[in-house]
1. Springs between alpha-carbon pairs under 10 angstrom, Gaussian network model over the chain: which of Arg221, Arg211, Arg193 fluctuates most?
2. How much net charge surrounds Phe199 when only the other residues with a Cβ under 10 Å from the Cβ of Phe199 are counted, with Lys and Arg +1 and Asp and Glu -1?
3. Relative to 2.2 N^0.38 Å, what does the C-alpha radius of gyration of region 137-214 come to as a ratio? Two decimals please.
4. Just how far, in whole angstrom, is region 162-187 from region 212-241 if you go by their alpha carbon centroids?
5. What fraction of the DSSP beta bridges in region 1-121 is antiparallel, stated in percent and rounded to the nearest 5?
6. Looking only at Cα atoms, what is the convex hull volume of region 7-61 per residue, in Å³?
7. For the chain, what is the accessible area per residue in Å², given a 1.4 Å probe and the full set of protein chains?
8. For the chain, what is the calculated [θ] at 222 nm in deg cm²/dmol (nearest 500), taking -39500 (n - 2.57) for each run of four or more DSSP H residues and dividing by its residue count?
Amino acid sequence: MDLKGKTVRLNKYIAQAGIASRRKADDLISCGNVKINGIAVKELGIDVKEGDVVEVNGRRIEASEKKVYVLLNKPVGYITTSFDDKNRATVLDLVADIPQRIFPVGRLDYNTSGLLLLTNDGDLAYRITHPKHHIYKTYRAQVQGVLSGERAARLRKGVDIGGFVTSPAEVSVIKQGERSALVEIKIYEGKNRQVRKMFSAVGNKVTALERTALGEIRLGRLMEGHYRKLTREEIEYLKSL
Ligand code: URA
């Protein structure tokens, strides 16, 4: 970013360098991980001006990296955070050949597979994950037992998942077998383990979960563990939300 006599908020500068969303940047700042001109700054709302040297975790950053947008088909058995203290594989291991420092947009559980976006565009990541934008996420869940009409109706209306009542969801049973069902569910919130908790609230345990779409962006036939760059249309669609 060329500041040319202007100033920009520190959290925005960090987001535009692709380090983290603005909200996460605020956490980095409050924890004392950010320095301007060699001095740690902990207050939020500080501005960066032309010529300032900004460091995050001891590394100098520049708010001018080329933006990249990647769609990964996350396999089960990878964690979505960038670092794991138990040394488990992370989704970043699957995109290691991308030169920019990208980070996951939102999360998928260790045992969930499917569509995961990664980018270094902190502002876009923030917009996609903010619930006020109501971007539907589509999941396919394999659940134990019969998902009766009455249970599906409760899921559609909203269920209590432990102190939080979910917003209206779209639910359709794709296939009901004798002992299990394949169900498509669309939600726009992203509470921790929300889909699993919603099914468990109506008495159906999830045995496999895959995210198949984020708004209009679809996983399609991308193989597990593989990734592709988003198309120009897909990027524009996300920016228009
Ligand atoms: N809901 C879940 O339960 N798990 C996920 O990974 C995503 C949504």
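1. Of Arg221, Arg211, Arg193, the most mobile in the Gaussian network model is Arg221.
2. On the way: positive: Arg151, Arg196, Lys197, Lys205; negative: none.
Result for the neighbourhood of Phe199: +4.
3. On the way: Rg = 11.1 Å, N = 78, 2.2 N^0.38 = 11.5 Å.
Compared with the compact-globule rule of thumb, region 137-214 sits at 0.96.
4. Spelled out, the Cα-based centre of one part sits 23 Å from the other.
5. Antiparallel: roughly 95 percent of the beta bridges in region 1-121.
6. Numbers: hull volume 3.4 nm³, N = 55.
So the per-residue hull volume is 63 Å³.
7. Values: 12970 Å² over 241 residues.
That works out to 54 Å² per residue.
8. Details: 6 runs with 51 residues, N = 241.
Per the formula, -6000 deg cm²/dmol.
The values are calculated or read from the model by the stated rules, or taken from the named source; none is laboratory data. Treat the numbers as computed from the prediction; the structure is a model and nothing was measured. Note that we place each Cβ from the backbone using ideal geometry, even for glycine, and neighbour counts take in every protein chain shown. The protein model used for the area step is the full one, side chains on, heavy atoms only, and it has no ligands, DNA or RNA in it. Shrake-Rupley method; radii C 1.70, N 1.55, O 1.52, S 1.80 Å.
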